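Presented below is the structure to which this report refers.
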């Protein structure tokens, strides 16, 4: 069964490698083993996607209680949801059941956690400050709540820009024209571009690691406020990146 899953991986390997090395060489291999129970249970890719979205919502509700045991459970549950994101894709390729409905369900499930979880963490920290916030008791809990809300809003705005850019080529095609493309500077990359690329790569790989290992560790060590700050930085970078691309697309259209 593992061999069949690896063979069905196909060209998706190149996509994963371009997206993140952590995704390609850690999460994807782990997901192959995690997929086996769902194959034995004869679950479809769409069923796993619905399960993932439901568990992500449940994890946010659980973490928002602020109870120590519930925070550990909720953060571990959300980490599992991140890995299940790979499982539904594995099943779709294995069964060759990729469809528009599946893509739509996956799009919805993808938004549940990142949009709600930061706010849920801040609500939980408002009711019960974690270890770090107890050390810096001068921080008003209302600022933590505001940080969580802004982190969730930043992700939602960035996702709106991302989705709009994805829709623009469809609109252009339906009107008989081609979608505008981002201009790519020619020639040898400058040192500044190299540093910016390295910085973005480090942020991307760091957040991929944090999404599973860092989150579970933050829950276990009672340091969810540190994860919230890291997620806030990531969501702000996400908003800035796709906001910039949207402005370029709008200026070229």
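Observations on the structure shown:
- Among residues of the range 10-23, those that are touching a helix residue (DSSP H, G or I) at 6+ places or on another chain (Cβ under 7 Å) and under 26 Å from residue 116 (Cα atoms), counted: 4
- Residue match in the range 101-117 (condition: within 15 Å of residue 219 (Cα to Cα) and out of contact with any strand residue (DSSP E or B) (no Cβ under 6 Å at 6 or more places or on another chain)): yes
- Boolean, residue 60 is free of Cβ contacts under 8 Å to residues at least 12 places away in the same chain and either within 18 Å of residue 12 (Cβ to Cβ) or surrounded by 17 or more Cβ atoms within 10 Å (Cβ to Cβ) (or both): no
- Of all residue pairs spaced 6 or more apart or on separate chains, those with beta-carbon atoms under 9 Å, a first member in the range 88-100 that is outside any helix (DSSP H, G or I) and a second member that is surrounded by fewer than 21 Cβ atoms within 10 Å (Cβ to Cβ) and modelled with pLDDT under 90 are 96/8.
- Residues considered: 172, 218, 149, 198. Of these, the only one that is farther than 19 Å from residue 112 by Cα, outside any loop (DSSP other than H, G, I, E, B) and modelled with pLDDT of 90 or more is 218.
- Within the range 13-39, considering residues that are touching a residue at least 24 places away in the same chain (Cβ under 8 Å) and farther than 30 Å from residue 202 by Cβ, the one surrounded by the most Cβ atoms within 10 Å (Cβ to Cβ): 38
- Residue 42, sole failed condition from (1) in a helix (DSSP H, G or I); (2) surrounded by fewer than 18 Cβ atoms within 10 Å (Cβ to Cβ); (3) free of Cβ contacts under 8 Å to residues at least 60 places away in the same chain: (1)
- Taken together, the criteria exclude residue 53 from residues that are touching a residue at least 24 places away in the same chain (Cβ under 8 Å) and not in a helix (DSSP H, G or I).
The values are calculated or read from the model by the stated rules, or taken from the named source; none is laboratory data. Quick caveat: nothing in here was measured; it's all calculated off a predicted structure. Cβ coordinates were reconstructed from backbone atoms using ideal geometry, including for glycine residues, and neighbour counts include every protein chain displayed.
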